[in-house]
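Engineer: What follows is a structure written as structure tokens; I'll ask about it next.
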2 protein chains.
Amino acid sequence: MELLKKYIVEKGKVLPGNVLKVDSFLNHQLDIGLYQEIGREFKKRFAKEPISKILTIEASGIGLACITAQYFGNVPVVFAKKFSANNLASEVYESKVFSYTKNEYYQIRVDKKYLSRKDNILIIDDFLANGNAVLGLLDIAKQAGANIAGVGIVIEKSFQTGREKILKENVRLESLARIRSLEGGQIVFTD
Amino acid sequence: MELLKKYIVEKGKVLPGNVLKVDSFLNHQLDIGLYQEIGREFKKRFAKEPISKILTIEASGIGLACITAQYFGNVPVVFAKKFSANNLASEVYESKVFSYTKNEYYQIRVDKKYLSRKDNILIIDDFLANGNAVLGLLDIAKQAGANIAGVGIVIEKSFQTGREKILKENVRLESLARIRSLEGGQIVFTD
């Protein structure tokens, strides 16, 4: 998606440790015009899928999922909530996720009422790096018996293991910008 | 807002301790058609204000703020992030918020780059109860020297202290549904 790449190159910042900071438009201050273009692009890529719900995870995924849902006929958005590990709950689907940023496990949860085997789910998130959050969402969707139409990611760090892990699950993955390298502070896309 | 009240009455659940659960449409599963009506209503109520940014707090406020921003000419959304108290940071506006739900303090933060004295801010959140989160956002907006056009709330628990605290700050408050009582599991609106 050319507009997105333009934003990343012009407004993104590469920090030490292969960190790409895009908080001026994607995940702290949110550019709603860009969000709409992202939503339209996801619709284009999943146009043939009769999506019934969009599943995402707090916090940055929520705005993207809400704007995107408008282009899928206002389907409901469900967002998984994060909890400290070992916090008990019933009537929820849950999965354990390892955070590399925080170097700890957390649990993500969705109330069983809001996902079922009748659903055809599109999973949306802002970033794909090691893929652990998305794997947790896939786990939850499977527990619900839902069909997974695919995963839509805004920015993929293709030099990390997330893509590989998702494809291993036989799930379709669409990333709107794929970054091959951030070495030396240089943003290099895969295509 | 009649449509919202209808949703609350038909889909909301009152739990012990004056808890109103609206997670089937407002803050876990999100009804995007309703979100659009909420956004239109906020625009109607703040139509005369030249809003430059919408400020909210993670997580439930984000989707509402993004959809609402579309009716204000796609102004940027900025969301405050929550951190455990005493976690240091620079270059941010921060405020301390007490959570009654968790019985602990946390800090909320906004990068200084994304709020300034040139801004005319609309603060949006899903719930107003004790008002502590909104007071934290007001504090941050003031630190930035921004003008505060007002606060837009979806559901106000009018029997708690939030409204009073916000009005004491001389800030305009618009709540789309005001609940006077949840006693005995009965939802009673103020008007």
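Every number in this text was worked out from the coordinates using simple rules, so none of it is lab data. Not measured: the values here are computed from a predicted model. Heads up, the Cβs are rebuilt from the backbone with ideal geometry, glycines too, and the neighbour counts pull from every protein chain shown.
Engineer: Between copies, how close do the A:Glu183 label points come, placed 7 Å along Cα→Cβ, listed in nm from shortest?
Structural biologist: Distances between equivalent label points, in nm: 7.1.
Engineer: Also, I was wondering about something else. With unit charges on the beta carbons (Lys and Arg positive, Asp and Glu negative) and the dipole taken about the Cα centre of the protein assembly as shown, which residue among A:Tyr106, A:Val92, B:Ile179 sits farthest to the positive side?
Structural biologist: B:Ile179
Engineer: Moving on to the next point. Going 7 Å from Cα along the Cα-Cβ axis for the label, what nanometre distances separate B:Asn103 from the same residue across the other copies?
Structural biologist: Ordered by increasing distance: 3.1 nm.
Engineer: Explain nothing, just the number: relative contact order of region B:2-189, from Cα pairs under 8 Å at least 6 residues apart, as a whole percent.
Structural biologist: 19 percent
Engineer: What is the sum of charges, Lys and Arg at +1 and Asp and Glu at -1, for the other residues whose Cβ falls under 14 Å from the Cβ of B:Asn120?
Structural biologist: +4
Engineer: Under the definition of partner shielding as Cβ atoms of other protein chains within 10 Å of a residue Cβ, what is the mean value for peptide A:27-39?
Structural biologist: Rounded to a whole number, the mean comes out at 5.
Engineer: Further question: Roughly what % antiparallel, to the nearest 5, for the DSSP beta bridges in chain B?
Structural biologist: Roughly 45 percent of the DSSP beta bridges within chain B come out antiparallel.
Engineer: When a footprinting reagent is the concern and you count Cβ atoms within 10 Å, what order do A:Glu174, A:Glu156 take, fewest first?
Structural biologist: With the fewest neighbours first, A:Glu174, A:Glu156 line up as A:Glu174, A:Glu156.
Engineer: If you don't mind, another one. Kirkwood Rh, region B:2-189, all Cα pairs: how many Å?
Structural biologist: About 16.8 Å, per the Kirkwood formula over Cα pairs.
Engineer: Something else about it: Would you compute, from DSSP H runs of 4+ residues alone, the mean residue ellipticity of the protein assembly as shown at 222 nm, taking -39500 (n - 2.57) per run and dividing by the full residue count, rounded to the nearest 500?
Structural biologist: -8500 deg cm²/dmol
Engineer: What does the copy distance list look like for A:Lys21, label position 7 Å along Cα→Cβ, in nm and ordered from shortest?
Structural biologist: So the label point of A:Lys21 gives 4.1 nm to the other copies.
Engineer: Report the charge-dipole magnitude of region B:2-189 in Debye, nearest 20, computed about the Cα centre from +1 at each Lys and Arg Cβ and -1 at each Asp and Glu Cβ.
Structural biologist: 320 debye
Engineer: Find the centroid of the Cα atoms in region B:169-183 and in region B:124-168, then give the distance between the two in whole Å.
Structural biologist: Spelled out, the Cα-based centre of one part sits 10 Å from the other.
Engineer: Additional query: Taking θ = phi - 60°, what integer Hz values does the Karplus form 6.51 cos²θ - 1.76 cosθ + 1.60 yield along region A:114-120, in sequence order, with x for Gly and Pro?
Structural biologist: With the stated coefficients, region A:114-120 comes to 9, 9, 8, 5, 7, 7, 10 Hz.
Engineer: Further, regarding this structure: Any lysines with Cα under 19 Å of the A:Lys165 Cα? List them, leaving off those in the same chain fewer than 8 positions away.
Structural biologist: Answer for A:Lys165, where 19 Å is the Cα cut-off: A:Lys96, A:Lys142, A:Lys157, listed by chain and number.
Engineer: What angle, in degrees between 0 and 90 and rounded to the nearest 10, separates the Cα long axis of helix A:132-143 from the longest principal axis of the Cα atoms of chain A?
Structural biologist: Roughly 20 degrees, rounded to the nearest 10.
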